[in-house]
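The values are calculated or read from the model by the stated rules, or taken from the named source; none is laboratory data. Computed from a prediction, not measured in an experiment: that's the story for all the values here. Because the Cβ atoms are built from the backbone with ideal geometry, glycine has one as well, and the counts that use them run over all protein chains shown.
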Amino acid sequence: MYHYVDNTVGASGNGSSWSQAWNSFSDINWSAVRPGDTIYISGGSDSQTYNETLTVGASGSAAGSITITKGTDPGHDGDVIIDGGNSRYNGVELYDRDYVTVSDLNVQNIANAGFSVKYASAGVVLENNSVYSGNPGGGNARGYDVRNSVGDDAVIVRGNSYSTPANTQAQTDGIYSMDNDGVVFENNHIVISNNSDYGHSDGFQSYQDKNVTVRNNWFEQANNAVYNNHGAWMENTRTGGTIEFYDNVVLAPNLTGDAAVAHYMRAGWTDTGHADIVNNTIVGGSRSVYLDDSPGSHVYNNIVQTTAGGQAAWILGDAPPDGNIDHNLMWSPSGSTTFKMSDGNYSWSQWQGEGYEANGVSADPKFTNVGAKNFTLAAGSPAIDGGMTVSDVKTDYTGAPRQGAYDIGAYETQSSAAPTPAPTPEPTPTPTPAPTPPAEAGGTTIGSGVDKLVLRISQDAWQGDAQYTISVDGKQVGGTLTAKALHSLGQSDTVTVQGDWAPGDHQVSVNFLNDGSGGTAQTDRNLYLDSASYNGTALPDAKLNFYWSGAQDFAFQDTQAAPDASSPAPAPAPSPAPTPSTETDGTTIGTGPDKLVLRVSEDAWRGDAQFTISVDGKQIGGTLTTTASHARGESDTIIVQGDWAAGDHEVSVDFLNDASGRRAGADRNLYVEGASYNGTDVEGAALDLYWAGPQEFTIHDTGANSLNQSDLLFA
């Protein structure tokens, strides 16, 4: 059964439809919500804001989870925003609830946690949500706070994102885990821009946990904090427990006085749990890996690159045996790689003399492009095939399989092609009639127009068929579709999407709506895009596997209008080639004789990039939107007018609505391509805004423009 929440309805209804929607979260009749039900929250056409906490008041069951997500119908499928106004304690609360999935919600400006989960025992899933911490001024403003949850996969926090403002004294941990046993944090994208180290803001923090898995996450300290803001801090693990920390990327490039990844036992703590730190890429930290009274921990297959002058590892107190630290690549970009133990400092050769890193290496890892934050391995990297096989680590950060000799670090270099085995000769069979191929479910056509995009779709069905929508360039075509063909039998549905698309690149988004899982391979509802073609041409990248709800994308290119089959197209009359344009129409904000001209563009994904512009801390105009494609070299022109005094002035561009699907092509970004001030190019004005928050550049006013104005007034 479906239920609906929409705070724009005139009066609260019974929640049975959009017209009868509950008006607020507090109006939800939780006694009417049953296992397997879905609660849709209206996001309006573009976005819709709710200034209240969503407190989940019912549990699902093993037979069917309760799903809470944004609306999927046109007019209700915009972004759902839960805004705490920097004073509301939590955005979403799940206390003593099981079998509940919360997805595709945006929480911002909270004073404790975007999502707070306590006392779960089974089936709680947070996925594809985003949290912006805001600035409550102190206390906590964490992203995903999970506590006191016990049971195999009791809570799974998967595919979410987290970001912060540039400065707040609140503790802005991306993920906080406490007193848990059986919780999983995977595929999350955590970026902490908070420059303050007052609140001790960690990408991931574990405290008094027993068994917790942390895998395939991106933890970045995108700030200037020298102390306290760690990539991952794991403290006081309970006896018999393990923190499995693997296939993560940890970036702390400015952390010149503290640890990037740590497992630490506080004085007086008598439990003896440990951490397995395996196949991570760790960049930064004056002590990149820090183990303090952690004798049972293992450190294998990690790339560890310190800050300049930093030490690759600190091992204090009761140390692990030498065989527990091996097959790592340890590197200091400033020269010699050094280490610290309780009795002093060690060089690389002395470190190996202690028995550590018998199979390790100290050399430049040769990342593909550090400036672009691409930490895959370039050809010739000493990390390729340098690791050991670890049975629990079967894939890399991207989900690609570990193969052959493991690579060191979070990324596994994939072979270009698997060798084709020689076919085994078979006896010539007795001729028989060719069998009829398996029947496919009936074809479906949506949209209208001369162009044809043909998708072949299949599913793993469990407790119902997989449902999905299809959008092109951000606009949904048709309604909700249901898969019938079974992937395991090699069947596929044919869905023909008709349109009339202009020449150029176009983005297709397939949004899987109703993932379901009973915890085994046989009890799992999945969706597959098996292949696609556009106007008869196969699209090689259009093969997608949807193992959980959410959108994935691929692209096609229209090279010309689809031909009219009824008659040949007439030859066009010759005309002069048009002058190419790289900019869309300009937008002017503010007033005054001075002109600051910015050229902006975007990577669009599930909506266009939005931003504001401020000069010397004062916002000019309202919220701006760019539609120019960075990939195609386009740019929007924004003209900011003002009357600024002679001297330097700071310009701030604040990216408001970052979004990411954690893979290439599924990322909303903003770019300032360049700027000019009163006709002169501004040095340092090119900005890449990959995450929400402001970036700045400086303009210099010589006073010449005001003199010209004066001359005109008195002429």
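Table: residues versus (1) at pLDDT 95 or above; (2) not hydrophobic (A, V, I, L, M, F, W, C).
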residue	(1), (2)
THR337	no, yes
GLU357	yes, yes
ASP385	yes, yes
ALA400	no, no
GLN403	no, yes
GLU412	yes, yes
THR424	no, yes
PRO438	no, yes
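Is it the case that some residue within segment 361-376 is within 30 Å of ALA319 (Cβ to Cβ), crowded, with 20+ Cβ neighbours inside 10 Å and touching a helix residue (DSSP H, G or I) at 6+ places or on another chain (Cβ under 8 Å)?
For segment 361-376, residues within 30 Å of ALA319 (Cβ to Cβ), crowded, with 20+ Cβ neighbours inside 10 Å and touching a helix residue (DSSP H, G or I) at 6+ places or on another chain (Cβ under 8 Å): present.
Residues being part of a strand (DSSP E or B) and either touching a Gly at 6+ places or on another chain (Cβ under 6 Å) or under 21 Å from ALA692 (Cα atoms) (or both): count how many of those fall in segment 187-205.
So the first thing to find is which residues in segment 187-205 are part of a strand (DSSP E or B), and the list is 189-192, 204-205.
Checking which are either touching a Gly at 6+ places or on another chain (Cβ under 6 Å) or under 21 Å from ALA692 (Cα atoms) (or both) leaves us with 189-192, 204.
Within segment 187-205, residues that are part of a strand (DSSP E or B) and either touching a Gly at 6+ places or on another chain (Cβ under 6 Å) or under 21 Å from ALA692 (Cα atoms) (or both) number 5.
Would you mind finding the one in LEU291, LEU251 that is outside any loop (DSSP other than H, G, I, E, B), touching a Lys or Arg at 6+ places or on another chain (Cβ under 8 Å) and at pLDDT 95 or above?
On the way: LEU291 fails: touching a Lys or Arg at 6+ places or on another chain (Cβ under 8 Å).
Every option except LEU251 fails the conditions.
Looking only at segment 186-200, count how many residues are farther than 22 Å from ASP658 by Cβ and among the hydroxyl-bearing types (Ser, Thr, Tyr).
Going residue by residue through segment 186-200, those that are farther than 22 Å from ASP658 by Cβ are 197-198, 200.
Adding the requirement that they be among the hydroxyl-bearing types (Ser, Thr, Tyr) leaves 198.
Total satisfying the criteria: 1.
Would you mention how many residues in segment 138-161 are assigned to a strand (DSSP E or B) and either charged (D, E, K, R) or over 15 Å from PHE204 (Cα atoms) (or both)?
Just the residues of segment 138-161 that are assigned to a strand (DSSP E or B), to begin with: 140, 142-147, 150-158, 161.
Restricting the remaining residues to those that are either charged (D, E, K, R) or over 15 Å from PHE204 (Cα atoms) (or both) gives 142, 145, 147, 150-155, 158.
Residues meeting the conditions: 10.
Mind telling me which of the residues THR172, THR164, THR168 ends up being of a type in the set (S, T, N, Q), touching a residue at least 12 places away in the same chain (Cβ under 8 Å), over 24 Å from ILE66 (Cβ atoms) and touching a Lys or Arg at 6+ places or on another chain (Cβ under 9 Å)? If you could, list the steps in order and put the result at the bottom.
Numbers: THR164 fails: touching a Lys or Arg at 6+ places or on another chain (Cβ under 9 Å); THR168 fails: touching a Lys or Arg at 6+ places or on another chain (Cβ under 9 Å).
Just one listed residue meets the conditions, THR172.
Only one residue in GLY478, GLY464 is of a type outside the set (S, T, N, Q), surrounded by 12 or more Cβ atoms within 10 Å (Cβ to Cβ), modelled with pLDDT under 90 and assigned to a strand (DSSP E or B), so which one is that? Working first, answer last.
On the way: GLY464 fails: assigned to a strand (DSSP E or B).
The unique qualifying residue is GLY478.
For segment 101-123, what are the residues that are crowded, with 21+ Cβ neighbours inside 10 Å, more than 20 Å from the chain's Cα centre (by Cα) and assigned to a strand (DSSP E or B)?
VAL117
Given the structure, is SER16 more than 25 Å from GLY123 (Cβ to Cβ) and free of Cβ contacts under 8 Å to residues at least 24 places away in the same chain?
Details: more than 25 Å from GLY123 (Cβ to Cβ): yes; free of Cβ contacts under 8 Å to residues at least 24 places away in the same chain: yes.
Considered against the rule, which asks whether it is more than 25 Å from GLY123 (Cβ to Cβ) and free of Cβ contacts under 8 Å to residues at least 24 places away in the same chain, SER16 comes out as yes.
Would you pick out the residues in segment 206-233 that are more than 19 Å from the chain's Cα centre (by Cα) and assigned to a strand (DSSP E or B)? Steps first, please.
Filtering segment 206-233 for residues more than 19 Å from the chain's Cα centre (by Cα) gives 206-212, 224-230, 233.
Passing the criteria: SER206, TYR207, ASN211, VAL212, TRP233.
Identify, from the list ILE156, ILE192, the residue that is farther than 23 Å from TRP548 by Cβ and aliphatic (A, V, I, L, M). First the steps, then the outcome.
Details: ILE156 fails: farther than 23 Å from TRP548 by Cβ.
Unique residue meeting the criteria: ILE192.
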